[in-house]
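One structure is given below, encoded as structure tokens.
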Amino acid sequence: MKSLVLAEKPSVAKEIARVLKCTGKNKGYLEGPRHVVTWALGHLVTLAEPEDYDSKYKQWNLDDLPMFPARMKLKVIRQTSHQYQVVRNLMKRGDIGELVIATDAGREGELVARWIMVLANWKKPFRRLWISSQTDDAIKEGFANLKAGAAYNNLFDAAVCRAQADWLIGLNVTRALTCKFNAQLTAGRVQTPTLAMIVNRENEIKQFVPVDYWTVRADFGDYFGDWRDSSGKNRIFNQARAEEIVNKIKGQAGVIKEVRTESKSEPPPLAYDLTELQRDANKRYGFSAQKTLSVLQDLYERHKLVTYPRTDSRYITTDIVPTLPARLKSIAAGPYAALVKPLLQKALQPTKRFVDNSKVGDHHAIIPTGQSLQLAALSAEEKNLYDLIARRFIAVLYPPYRYGQTTLTTAVNGEHFYSSGRVVKEPGWRAVTAKAAEKDESSDDALPEQTLALHKKGEQKQVKTCKINKSKTKPPARYTEATLLTAMENPGKFIEDEELRESMKGSGLGTPATRAEIIEKLLYNNYIERQGKELVPTSKGLQLINLVSPALKTPELTAQWEQRLANIARGKDSKEDFMAGIRQNALELVKSVIEDTSVYKADNVSKNKCPLCGKYMLLVNGKRGKMLVCPDRACGHRQPEKQDDFGVFKSSKSASRVNQKLIARYSDQGSITQNIGEMLKAALKEKSNNND
């Protein structure tokens, strides 16, 4: 009997097949003496659409909401149905004795495989391949240690709950908003609170009123000092007071009242998880979160240079420690050779900042594999992202950065001036990250660093010059993808309830694997737009947040759901209780939309009139590009944004009905419009002949 191996993507399946010596090529699968390897093309099976339950749902009506199927059904995705049939037929082969799930080792990967199994009615044994890298050695080791499929039943339950929750909340609220306000509006349990954070920040910026303030700096010759009050604040909100300080110290002699020197150290940064890597790639290279994930996926699947990307852990487990020397040797090339050399000359002793079994869930941190590094084979983007990962991996194994911190307090005529400087004792891990070091994101109030010579308490210092600097208070910065990812990962600060905020530590909006997709959805639906690195809400996004229920636009609800989904995956929560709560949530959210008395004004009105009812059409993003949509849902006309030279619609489905009506309308309106009608007839005839 043979084992059927189900991978998520053709590229991964081909690598597994090569390792398993499956050389027989067939349509949709590869076969060898002991294994048949096939793939899923991502999801092949999804939840049924509303109209699959009842034909009345083909029309969107408020009276039909909420939609609560008694049992949620599955259906084959039409676009990839050919591959589903391949997998299903392989499952029914008499010589297939077991299934090996080799989809991505995570919640969504489990869902991909299990839904296929459910719909194909798989009854035979199955096991799970659970690996963190795509190297030959990892694949061989994974197949030598296949896990029992049932061990991941809880993970599958969590995945189903996530999918069904998104269906019940997303589809019900989206239909309610669309019907109520006659506009293309969408809502979701993660995207809406994420949009709300961006909108709230924009409102804070608009409402912000800048205030003038002044700072005073004195030059003592070989160093400078910044004035601070008794509470340590350096901002003076009264110009007269700033001028009074300057007049008080100008030309005066001061005395060093305090010299404080401390030995300090900074431990290495933690290794990368997906979110932290997306943040750094956005700050350093301007990569979007989705771009980082895409490039990272290539480094993982195609080049096999890094471990599993979609992880939320920044640690490794003890069983990985013996592999560290081999991983270091594999990256000892190009700019990394000299950095790796000192690590390989002694026994590695990684600390709990890197090795902590208790802080690793499904996957450990993103680190290099043992695959030999060939930098020439990487694109510029791949090199940049790999550089971040490689340097962070090396840095974690380096000693702390040690320095001496000196702080001087100089008193002049009763006013106090503070100076700060540092002397590097051991560069430690900073020597590794120096190339890609970011500027310190210190606040405006932080003391600037300078080189301080040796000074003693009681030493007299003359004020050489002093000056006043005028500034204005600044509004909070708009979100970039880097800062938005941070906010999505740690939404606790947006929650007023202290007990709930504390309980939510470790939870967030979405998961590392889905946050990039959420940001892209907000962009695609025209709720936000990119302005340079900043994310700015559109008029549509601003209005939507005013229309949705308060419960859906705060992080509490969805963060609680993510926390419960994690507990379901661990077997610590009930999927039945969770889904009962979701249905209640959906009911309340739909009710709030129906009872809303707000007005929505579309900001995407085009100059094109609907050829059927005459209303100005809306320009929206469709699955096949920009579409013009009639705002009257009773009319329902849609057409591509672009028409041909005669004004004839290129869309084949609605073209004939609309074009015939246009011809009739033009032909009935006298000689001028009759000529236009004749032109349209000729154009349609020519188009028909070309199609034939």
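The values are calculated or read from the model by the stated rules, or taken from the named source; none is laboratory data. For clarity, every value in this text was computed on a predicted model and none was experimentally measured. All Cβ positions, glycine included, derive from the backbone under ideal geometry; neighbour counts span all protein chains shown. Side chains included, ligands, DNA and RNA excluded: accessible areas come from the protein's heavy atoms. Shrake-Rupley method; radii C 1.70, N 1.55, O 1.52, S 1.80 Å.
Above 15 Å, the calculated P(r) of region 214-286 contains 72 percent of its Cα-Cα pairs.
Computed over the alpha-carbon atoms, region 277-353 gives an Rg to Rh ratio of 1.00, Rh here being the Kirkwood radius from the mean inverse distance. Structure note, pairs Lys591/Lys615; Lys58/Lys615; Lys58/Lys572; Lys291/Lys359: Cα-Cα distances above 32 angstrom occur for Lys58/Lys572. Taken over region 259-396, the ratio of Cα radius of gyration to 2.2 N^0.38 Å equals 1.07. For Lys467, the lysines whose Cα falls under 20 Å of its own Cα, not counting residues fewer than eight places away in the same chain, are Lys233, Lys248, Lys250.
With a 1.4 Å probe and all protein chains left in place, how much of the accessible area of region 35-93 comes from carbon and sulfur atoms, in whole percent?
Of all accessible area on region 35-93, carbon and sulfur atoms account for 45 percent.
Applying the criteria of a DSSP loop state and at most 13 other Cβ atoms within 10 Å to the chymotrypsin sites (Phe, Trp or Tyr not before Pro) of region 170-242 yields Phe208, Phe237. Diagonalising the gyration tensor over the Cα atoms of region 33-92 and scaling each eigenvalue by 5 before taking the square root yields semi-axes of 34, 11, 8 Å, largest first. Using the alpha carbons alone, the radius of gyration of the chain stands to its Kirkwood radius in an Rg to Rh ratio of 1.05. Loop-resident trypsin sites (Lys or Arg not before Pro) (DSSP state other than H, G, I, E or B) in region 41-111 with no more than 15 further Cβ atoms inside 10 Å of their Cβ: Arg71, Lys73, Lys92, Arg93.
Dipole of the chain, Cα-centred, from +1 at each Lys and Arg C-beta and -1 at each Asp and Glu C-beta, to the nearest 20 debye?
Using Cβ point charges on Lys, Arg, Asp and Glu, the chain gives about 1360 debye.
Of the accessible area of region 300-346, computed with a 1.4 Å probe over protein heavy atoms only, carbon and sulfur atoms account for 55 percent.
Evaluated at q = 0.19 Å⁻¹, the base-10 log of the normalised Debye intensity for region 122-208, with identical point scatterers placed on the Cα atoms, takes the values -0.93.
Considering only DSSP beta bridges with both partners in the chain, what is the antiparallel share in %, to the nearest 5?
Around 80 percent of the beta bridges assigned by DSSP in the chain are antiparallel ones.
Dividing the helix sum by the residues of the chain, where each DSSP H run of 4 or more adds -39500 (n - 2.57), gives a mean residue ellipticity at 222 nm of -12000 deg cm²/dmol.
Accessible area per residue for the chain is 49 Å², calculated with a 1.4 Å probe on protein heavy atoms, without ligands, DNA or RNA. For Lys464, the shell of other residues with beta-carbons less than 14 Å away shows a net charge of +2, using +1 for Lys and Arg and -1 for Asp and Glu.
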